[in-house]
Structures are given as C-alpha cells and as structure tokens.
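Quick notes on the structure that follows.
The values are calculated or read from the model by the stated rules, or taken from the named source; none is laboratory data. This one's a predicted model, so the numbers in the text were calculated from it and none came from an experiment. Glycine gets a Cβ as well: all are built from the backbone with ideal geometry, and neighbour counts include every protein chain shown. Note: accessible area is taken over every heavy atom of the protein model, side chains too, but ligands, DNA and RNA are not part of it. Shrake-Rupley method; radii C 1.70, N 1.55, O 1.52, S 1.80 Å.
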Amino acid sequence: MYLAIAVLAPLFGSTIALLLGRQIGDRAAQAVTIFCMLLASACGVISWINLIYGWDQGHASVVDLGTWVQAGSFHVDWALRNDQLSVSMVAMVTCVATLIHIYSVGYMSHDNTIWRFFSYLSLFTFAMLMLVTADNLLQLFFGWEGVGLASYLLIGYWYEKPSACAAAMKAFIVNRVGDLGFAVGIALVFWQFGSIEFSTIFGAIGKYQDATYHIFGSDFRAYEVIGVLLFIGAMGKSAQLGLHVWLPDAMEGPTPVSALIHAATMVTAGVFLMARMSPLMDYAPNALAFVTIIGGSTALFAATVGCAQNDIKRVIAYSTCSQLGYMFVAAGVGAYQASIFHLLTHAFFKAMLFMGAGSVIHAMSDEQDMRKMGGIWKLIPITYVIMWIGNLALAGVPPFSGFYSKDAILEAAWASDTLVGHYGFWCGLLAAFLTAFYSWRLLIMTFHGKPRADHHTMEHVHESPFVMLAPLLLLAIGAMFAGYLLHDQVLGDHWQEYWGSAIQIAPTNHVLHNMEEVPGWVSLAPTLLGLVGIALAYVCYMFIPSIPAAFTSMFGGLYRFVLNKWYFDELYDSIFVRPCMVLARLFWDIDAKVVDGMPNGVAALTTAGSGRMVKLQTGSIANYAFTMLIGLVVLVAVYLLFR
C-alpha cells in the first residue's frame with residue numbers, strides 16, 4: 001500500500017496542477033504538488049525501511065493493480081514490483097524530487113506559468129517511479145517513454161527560446177534512436193520466453209541460455225543479442241558515448257529540471273535497467289564487455305570535455321555523463337550492486353551541485369559563463385560551502401559519499417581480471433584525475449579571483465532565499481554520509497541480505513568477493529589522483545593563472561577539439577542531419593511537382609479550358625446564329641470532301 005501511494009501521489013498532484021492550475025493559482029498548485037511529493041517520499045522511505053529492515057524484511061512482493069493488456073496469449077498486468085531494488089530507487093527518487101520541488105518554489109518564483117512547471121515536474125517523477133517499480137518490460141517501457149515525454153516538456157519549458165525548443169527536440173529524437181533498440185530487445189524477450197514479466201523471464205534463464213539467432217549469416221547467442229539491444233536503449237537514456245549529444249543541450253531547461261534529470265530521473269534509468277535485467281545480462285559476457293567498453297570510454301570522454309567548458313551547468317552536465325560511465329563499468333563487470341550504490345550516492349551530490357549552480361546563477365542575475373564570475377565566495381557563503389561539499393563528493397575525497405561508491409567501482413573493474421575490466425579501470429582512473437581537476441576549476445573560476453562581472457551584476461549578488469538553501473543543506477547531509485552508511489550493507493559481506501533476489505548473478509560471478517583481494521594501490525590510486533587533480537587546478541587557476549592561456553596557445557588544436565566536444569555534433573550533422581535534409585527536400589520536390597503536380601496540373605488545365613469556354617456564352621442570339629451557320633458550313637464542306 002505504501003509503495004502504491006508513493007507511486008501514484010505525484011500523478012495526482014500533477015493532474016490537479018495541470019487541470020486546475022489556472023483556476024486555483026500558482027501557490028495552490030505548488031502546495032498540492034509539494035504535499036503529494038512529501039506524501040510520496042514518506043511512503044517511499046517507509047516502504048524501504050519496511051522491506052530492508054522492518055517487519056517484511058527480505059520478503060519481496062508484487063502489488064497487483066489490475067489487468068492492463070489482454071490480447072490472446074499476451075497478458076500483462078499493471079503491477080508494482082516491491083523488491084529491494086525498487087524500494088531503494090523509490091526512496092531515492094521521491095526524496096530527491098521532493099527537495100527539487102521545494103527548491104523550485106524560490107528558483108521559479110518569477111515565472112509566468114508556475115502551475116505548469118510544477119505539473120511537469122510531478123509528471124516526470126511519476127514516470128520514473130512507474131519505471132523503477134515495473135513488474136514487466138512493457139510497464140517499464142511505459143515509464144521509460146514517460147520520462148522521455150516529460151523531459152521534452154521540461155527541457156523546452158521556456159518554449160519562446162528557439163534554443164530550448166531545439167534542445168527538447170534533440171533530446172526526444174536522440175532518445176528515440178536508443179528506444180528502437182530497447183523495443184526490439186523487448187520483442188525478442190517475448191519471442192524467447194513467451195512472456196515479458198520479470199518473474200517468468202528470470203525463472204527460465206537457465207532453460208534458454210544456449211538458444212541462438214541466425215543473423216547476417218552467423219549464429220549469435222540469444223542472450224547476447226538481447227543484452228546488446230537492451231543496452232542500446234540504456235545508451236540513449238543514460239547519455240552514453242555515441243548517444244550522449246542530447247545531454248549538454250538539455251541545460252536549456254530551468255536548473256531544477258537539470259537537477260531532476262541528472263540526479264534522480266531519466267539518465268539513471270539505463271543503469272537501473274542493467275541491474276534489473278542482471279539475471280539475463282550475467283549470461284551474456286560479450287554484451288557485458290560491450291557495456292564496459294562504452295562505460296569506460298564515456299567516463300573518460302566526458303571528463304576531458306568537462307575540463308574545457310565555460311558554462312557552469314554544462315561542466316556539471318558532462319560530469320553526470322562521466323559518472324554514468326562509471327556506473328556502466330560496474331554493471332559491465334558484473335558488479336551491479338556497486339553501480340546502483342554509485343547511482344544512489346551520486347543522486348545526492350549531483351542534485352546538490354546543480355541546485356548550487358542554480359543558486360550561483362540566481363545570485364549572478366542569470367549569468368552562467370564562469371569567465372564572467374569570480375570573487376563572490378564571501379557574498380554567498382552558504383552556496384560556496386555547499387559547492388565545496390558537492391565537489392568533494394564528486395571527486396571521491398574521503399569520507400564523502402562519492403569516495404565509497406566510485407572506489408568500489410574501480411576496485412570491481414580491477415577485480416574482474418579481464419581485459420575489458422582493466423580497460424574500464426584505467427579509463428575510470430584517468431577520469432578520476434580529470435574530475436577532480438574540472439571540479440576545482442569550476443569552484444575557483446566561479447568563486448575566487450577578481451570579480452569579472454560588470455559592476456551592476458556585482459552590486460546585486462546575494463545569497464539565495466531559505467526555500468532554496470534548505471533543500472541544499474539536506475542534500476549535503478546525504479552527500480557527506482550516504483556512502484559511509486550504506487557501503488557495508490550494499491557491498492559488504494552480507495550484501496545478499498540487503499538485495500535479496502532483486503539482483504541475481506551467475507554462479508561464476510565472483511567480482512564482489514574478489515574486490516576484497518585487490519592490491520592496495522588500486523584502492524589508493526583514485527584518491528591520490530583526485531588530490532593531484534585538485535592541486536593542479538589550484539596551480540593553474542589560483543596561483544599561476546597564466547598557465548591555461550599558455551596551454552591553449554601551445555596546444556590550440558587539442559583545446560579546440562575538447563572545447564567542441566570532440567566534434568560529435570558536427571560529425572552527426574554531416575553524416576545524418578544534412579543528408580536527411582537533402583533527401584527531405586528531394587522528396588518534397590517530388591511530392592509537390594509530381595505527386596501533387598499531375599492532378600493539380602490537370603485541374604488547372606480544366607479550369608483554364610472552362611474559363612475560355614465560358615467566354616463563348618455571350619447571350620447574343622446573333623452570335624449563336626452566326627456560330628451555327630459556321631458549323632453548318634464546316635459540316636457541309638467535310639461531307640462534300642469525304643463523300
């Protein structure tokens with residue numbers, strides 16, 4: 001019951017705000033949605049405590065809400081899966097989303113359609129909750145597409161801005177590419193298992209592990225094909241390398257939207273999918289290798305790009321892309337528990353970083369370029385401390401939460417003792433150094449040095465109101481202590497007691513056990529490299545600020561390459577966008593000139609002919625008689641000529 005309330009309460013709040021927002025006013029719409037979110041978070045936490053520690057400890061169940069689809073042998077129930085993975089996600093999503101709702105009261109206070117914004121936020125939360133509590137792949141796909149729709153609405157919320165509309169379309173279209181793979185994967189699951197319900201699928205894993213598909217003249221194991229297709233869906237939703245291009249542009253939406261997308265909803269859906277499908281994925285080693293390679297490459301790629309960005313929100317956005325790469329590295333080496341652990345800790349400090357950036361933007365009169373900031377740490381001290389805590393957690397500095405989860409992922413990658421696992425480890429290790437560097441680059445450029453903003457902006461720099469700061473302070477508690485409090489339960493010797501049957505691994509998967517035997521340098525290296533990255537940022541941006549300019553002058557090509565995000569957008573524009581536009585114009589010409597042209601031409605000819613014929617109808621009897629006489633003469637002439 002608590003789980004059902006947690007899931008459905010945001011939908012109720014969203015519906016009331018959307019349908020009655022104009023009538024009841026902005027304040028009432030805010031109150032309704034926030035009350036429903038508070039109720040959802042309370043029920044979500046109760047569900048988590050109840051299943052993990054309470055009277056129903058370890059007893060997973062399904063809350064059946066009724067039949068959804070019944071078509072012949074295809075039967076799908078509308079049901080909520082109440083297991084350890086679901087309730088952990090529900091508790092995190094509802095709590096973080098509630099704080100973002102409260103923060104939005106202050107951040108969006110001058111907006112013209114506040115009721116619409118809060119309705120979309122709650123709708124986004126509901127879709128994510130439906131996704132993580134799904135008991136079958138169709139319901140999961142419903143939530144999957146729901147967060148895609150809600151992200152489109154929220155990224156393009158300020159629809160009067162062309163850049164916001166373009167970003168919303170880009171996110172929607174790129175995600176459809178990944179969703180096609182996901183949809184085909186679901187179809188193959190049904191083809192293979194005769195069902196898309198998780199209990200049926202997981203119960204028959206051993207039965208079909210030798211099944212194959214004949215594709216492109218070769219035989220491929222069914223689980224490998226399904227695993228790759230499901231991960232392609234995850235690549236789009238979680239912005240992995242190749243399908244990541246929508247994520248930075250999503251910063252066109254309001255800052256609370258960025259916090260919600262990057263911390264608690266949407267981008268974490270792909271990581272959740274890998275953990276949910278762990279029983280199948282663990283029997284698809286080649287698919288997992290692909291996951292590891294993409295995850296490691298994404299972690300390193302996004303970290304390099306983050307070092308050169310100047311928009312404060314884009315730096316944090318690429319940080320999210322990089323951290324998601326870490327999560328997929330963990331999933332790829334079979335440490336699904338570590339990937340979800342990092343997902344949970346990341347939610348706290350990433351939401352805090354985005355909302356902290358929003359507090360900076362609020363203080364700087366909507367300025368987002370870090371090159372136009374500086375010298376404001378004394379003017380907004382609470383925000384400054386918040387950003388310090390978030391960066392310490394992001395950089396993996398002990399004892400902050402990111403230290404426990406990020407190090408666990410790198411240890412798991414090394415402990416996998418595979419070539420791709422070690423690739424993920426080294427990519428993650430380099431990314432740890434770069435993460436610390438760009439985090440402190442952001443901190444120093446934003447808060448330290450001489451003020452680079454104009455005098456008018458500096459005069460109006462002020463701390464955010466309490467309604468914005470309170471959620472940040474609560475998130476700071478999670479960023480500081482969540483890793484320490486959850487580590488032993490989620491990844492310790494008795495992790496089975498925490499996860500139960502929610503995450504199932506193959507008997508050959510010994511990654512968590514092998515993590516205890518990794519060399520000492522593997523555990524120390526991420527922290528040491530993180531500290532080196534912080535020190536380097538201080539040298540380059542605090543003590544010798546001429547170094548960055550000298551570097552960009554000396555390595556201009558490399559700098560432009562990274563600044564332009566490895567030219568992925570330009571590459572896709574050349575390969576996909578422009579050819580598609582050429583084809584579209586060609587087909588438009590064919591449609592206009594041939595398909596429509598022929599009937600339109602006949603119609604025009606008929607109209608012109610009838611117009612000329614009308615001119616013969618003068619109404620004069622003399623003209624008609626003369627015409628008849630001419631016709632008679634012609635008729636007689638023809639008769640005499642051919643008789």
**OP:** Can you send over the carbon and sulfur percentage of the accessible area for segment 1-48, probe radius 1.4 Å, protein chains only?
**Re:** 76
**OP:** Subtracting the Cα-Cα distance from 0.36 nm times the residue separation, let me have the gained length for HIS75 to ILE215 in nm, one decimal.
**Re:** 47.5 nm
**OP:** Report in % the part of the accessible area of segment 102-162 that belongs to carbon and sulfur, leaving out ligands and nucleic acids; probe 1.4 Å.
**Re:** 65
**OP:** Could you tell me the convex hull volume per residue, in Å³, taken over the Cα atoms of segment 1-127?
**Re:** 108
**OP:** Return the inverse of the average 1/r over all pairs of distinct C-alpha atoms in segment 402-508, which is the Kirkwood hydrodynamic radius, in Å to one decimal.
**Re:** 18.1
Original post:
Hey, what's the Cα Rg ratio for segment 262-369 versus the globular rule of thumb, 2.2 N^0.38 Å?
Top reply: 1.18
**OP:** May I ask for the percentage of alpha-carbon pairs in segment 354-451 that lie more than 15 Å from each other?
**Re:** 65
**OP:** Using the Kirkwood radius over Cα pairs, work out the Stokes-Einstein diffusion coefficient for segment 101-236 at 25 °C and 0.890 mPa s, in µm²/s as a whole number.
**Re:** 144
Subject >> Accessible surface, per residue, of the chain when the full set of protein chains is kept, probe 1.4 Å, Å² >> reply: 42
Original post:
Hey, what's the per residue convex hull volume over the C-alpha atoms of segment 143-214, in cubic angstrom?
Top reply: 88
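Out of the total accessible area of segment 387-469 (probe 1.4 Å, heavy atoms of protein only), what percent is carbon and sulfur? Show your work: numbers first, answer last.
Numbers: 2110 of 2950 Å².
Accessible surface attributable to carbon and sulfur in segment 387-469 totals 71 percent.
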Original post:
Among the aspartates and glutamates, which fall within straight-line cross-link reach of LYS170, defined as a Cα-Cα distance under 20 Å, with same-chain neighbours fewer than 8 residues apart omitted?
Top reply: GLU145, GLU160, ASP179, ASP249, GLU252, ASP311, ASP569, GLU570, ASP573
Original post:
Cα convex hull of segment 107-180: how many Å³ per residue?
Top reply: 82
**OP:** Report the relative contact order of segment 23-148, percent, no decimals, based on alpha-carbon pairs under 8 angstrom and at least 6 residues apart.
**Re:** 28
Subject >> P(r) histogram, all alpha-carbon pairs of segment 454-522 included - 5 Å bins from 0, percent >> reply: 3, 11, 12, 13, 12, 11, 8, 6, 6, 6, 6, 4, 1, 0
Original post:
When the convex hull of the Cα atoms of segment 514-635 is projected onto a plane and the area is averaged over all directions, what value comes out in nm²?
Top reply: 22.6
Original post:
Quick one: which of 308-320, 366-378 comes out on top by average Cβ neighbours within 10 Å, and what's the full order, highest first?
Top reply: 308-320, 366-378
Original post:
Along the principal axes of its C-alpha atoms, what lengths does the chain span, in descending order and rounded to whole Å?
Top reply: 119, 71, 57
**OP:** For segment 204-273, report the translational diffusion coefficient in µm²/s to the nearest whole number, using Stokes-Einstein at 10 °C, 1.306 mPa s, and a Kirkwood Rh over Cα pairs.
**Re:** 112
Subject >> Residues of type lysines that LYS378 reaches as a straight line, Cα spacing below 21 Å, ignoring anything fewer than 8 places off in the same chain >> reply: LYS450
**OP:** Identify, among TYR384, ALA431, LEU419, the residue whose Cα sits farthest towards the positive end of the charge dipole of segment 358-437, taking +1 on the Cβ of Lys and Arg and -1 on the Cβ of Asp and Glu, with the dipole about the Cα centre.
**Re:** TYR384
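Compute the relative contact order of segment 3-70 as a whole-number percentage, counting only Cα pairs closer than 8 Å that sit 6 or more residues apart in sequence.
35
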Original post:
Which of the peptides 499-512, 244-257 is most tightly packed, and how do the rest follow, judged by the mean count of other Cβ atoms within 10 Å per residue?
Top reply: 244-257, 499-512
Original post:
Projected area of segment 60-137, taken from the Cα convex hull and averaged over every viewing direction, in nm²?
Top reply: 6.5
Subject >> CD proxy at 222 nm, helix term only [per DSSP H run n ≥ 4: -39500 (n - 2.57); per residue of the chain; nearest 500] >> reply: -23000 deg cm²/dmol
